[in-house]
Amino acid sequence: MKTPSDELFQLIKSLTPLEKRYFKLYSSIQGSGKKGKDYLHLFDIIDRLDGYNEEKLKVRLKNKEIVNNLKFFKSYLSEAILKSLEKYHSKDSVEIILAQSLQRAEILLRKRLYSSTIKTIKKGLKIAVDHEKFLFILLLLSWKRKTLKLIEKTDDIKHYAETGFPEDFSYLSKYKNQLEFEQLHLLMVTNELVQPDLKNKAYFKKISAISSHPLLQDAKSATSYESANNYYKIMGISTRAMEDWKASCKFRKKNVEFIEQNKSKLVLRKHDYIQSINNLLTLLDYLNKQEDFYLYYNKATTFFDSLPEKERTKDIFHDYLITKLSYISYQVRRMNNEATITKTIEVTKLMKENSLIMESPQSLFFYYFSFHAYFCINEYRNALKYLNKIMRLSDKGILQGLINSLRLFTLIVHYELDNSDLLISMSRSVRKFLSKRGRLYEFEELVLDLFGNKIHTVNSKKELLDLFIKTKKKVSDISKSNNLSEFLNVFDFASWLDSKIQNRSFVDVLKEKLN
């Protein structure tokens, strides 16, 4: 049996409060009577659902006509929402304005209103040229030629033909340049996404091959805004991939400065702007440039706060969430746990108020940072809450190796919660799960044996202390080998053992090591 589509549910959940308000106003103007109320009723019921379940939806609807024709009503409601969104964004989206110009030009031409057609095309061309929308420019120019042919402007057509369509080929060249830079950017990004755990010669060879492309030897090769924007992105990625962090930081800064040059169009380029700052923040964090980090973080927050409410769409909110995530990451790396938790609460509230959901990889890191902060201040129940959220991502297929290793965290947290009666069964469960990969790392065996067996055999504090000391030595020996799990990359287990051996707080041991 075919699973009912949740596309309408996803569409409704993507709407901002202003878009929802406009849809209801738009619907009240466009439709009236019982049928109009039925569509709004369906909209409200779906909007109140936490997740899409068609059987629950039918029960809540309590309207036989809608239930019996649900597929039709869902389809009609989807179209109505999309039409209202087109209308709502028609004045602030360059692409929508230009698409309308093309529609109007075709309609006017069919009605043989040639003068109005030319005026519409000229108006559209001005906007398209100003915003470097080359594909729209080429389409509008083609409608211009069609119109000139129909009104028999022989001299103009002859000039077009004899000069070889100079306008078209000039913009076509810029469009080609734009596509080439976009291709290079995608090649660089996809190569980064599929990078091996340990960067090998083949990986660096691919990065080097892309970086040596003639277009990437000089920023002047970029003939448009989009091309130049992609140039700085590509150079930022490639230098970071080659582990030249300072060079990568330089290119990322230039990217931000480049976008800032034309302040009048900054709102139109809001995604580029916030994303470019987010890319830079990661590098400033790594290079420990505190002053610059806060400077650019404040730039992003000030810019977002200055945006009109209508411009705060779901996608720009998502970009802004990544800015907040960068801030949390920065505080986690410096063991500023109170600041981390404060920002975690703020982000959680922001997500709830705006019905936002982070993409899976980002939500994983958000939950991990939150877990780590609560763990460090000994709020283990809150730590466990975020750890369980991470485990629920295990069916998403993202960063699976990391999630698998994080399962070992559950043992440490339950030990801190003094849930010793759960540790043996939990260790067996984690072992069974990790064994599905076909192997267990030596370090994983060590942790599983510690919490699932040895820790339950000690009879005194001295024996427990000796066990931790022996375990610490084994961790040190394993760390010198290549037989490591991802767990050691995200949690300093040796420092946790030191905190038990020295009877100090985990965070104090970490801060001492950090300093």
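The values are calculated or read from the model by the stated rules, or taken from the named source; none is laboratory data. Computed from a predicted model, the values in this text were never measured in an experiment. Neighbour counts are summed over all protein chains in view; Cβ atoms, including those assigned to glycine, are modelled from backbone coordinates with ideal geometry. Keep in mind that these areas ignore ligands, DNA and RNA; they rest on the heavy atoms of the full protein, side chains included. Shrake-Rupley method; radii C 1.70, N 1.55, O 1.52, S 1.80 Å.
Points to keep in mind about this one:
- Among the candidates GLU192, GLU243, the residue that is open to solvent by 60 Å² or more (accessible area, probe 1.4 Å), of a type in the set (D, E, K, R) and farther than 26 Å from ASP130 by Cβ is uniquely GLU243.
- The number of residues in segment 256-282 being of a type in the set (Asp, Glu) and open to solvent by less than 60 Å² (accessible area, probe 1.4 Å) comes to 2.
- Restricting the search to helices (runs of 4 or more DSSP H) fully inside segment 1-71 and requiring at least 1 residues that are modelled with pLDDT under 85 and surrounded by 13 or more Cβ atoms within 10 Å (Cβ to Cβ) gives 17-30, 33-48, 54-61, 64-68.
- Contact map, segment 318-341: first residue on the phi > 0 side of the Ramachandran plot, second residue open to solvent by 10 Å² or more (accessible area, probe 1.4 Å) and not aliphatic (A, V, I, L, M), Cβ cut-off under 6 Å, separation 6 or more or different chains; pairs are MET335/LYS511.
- Condition check for TYR203: surrounded by 15 or more Cβ atoms within 10 Å (Cβ to Cβ) and at pLDDT below 85: yes
- Among the residues of segment 99-106, some residue qualifies, meaning at least one is open to solvent by less than 50 Å² (accessible area, probe 1.4 Å), farther than 21 Å from LYS310 by Cα and either hydroxyl-bearing (Ser, Thr, Tyr) or not in a helix (DSSP H, G or I) (or both).
- Listed conditions (1) touching a His at 6+ places or on another chain (Cβ under 7 Å); (2) within 17 Å of PHE23 (Cβ to Cβ) are all met by VAL94, apart from (2).
Let's see how each residue does on (1) open to solvent by less than 90 Å² (accessible area, probe 1.4 Å); (2) of a type outside the set (A, V, I, L, M, F, W, C); (3) in contact (Cβ under 8 Å) with a residue 24 or more places away in the chain:
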{"residue": "LYS133", "(1), (2), (3)": "yes, yes, yes"}
{"residue": "ILE137", "(1), (2), (3)": "yes, no, yes"}
{"residue": "ARG145", "(1), (2), (3)": "yes, yes, no"}
{"residue": "LYS149", "(1), (2), (3)": "no, yes, no"}
{"residue": "ASP156", "(1), (2), (3)": "yes, yes, no"}
{"residue": "TYR175", "(1), (2), (3)": "yes, yes, yes"}
{"residue": "GLU180", "(1), (2), (3)": "yes, yes, yes"}
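- Test: residue in segment 254-261 that is over 20 Å from the mean Cα position of the chain (by Cα), on the phi < 0 side of the Ramachandran plot and not in a helix (DSSP H, G or I): yes
- Within segment 283-295, considering residues that are open to solvent by 60 Å² or more (accessible area, probe 1.4 Å) and part of a helix (DSSP H, G or I), the one modelled with the lowest pLDDT: TYR286
- Filter result for LEU215 (assigned to a helix (DSSP H, G or I) and either surrounded by 15 or more Cβ atoms within 10 Å (Cβ to Cβ) or of a type outside the set (Lys, Arg) (or both)): yes
- Filtering segment 87-106 to residues that are more than 17 Å from LEU268 (Cβ to Cβ) and among the basic types (Lys, Arg) leaves LYS87, ARG104.
- When we screen SER221, SER227 for residues that are open to solvent by 10 Å² or more (accessible area, probe 1.4 Å) and closer than 26 Å to LYS176 by Cβ, the only hit is SER221.
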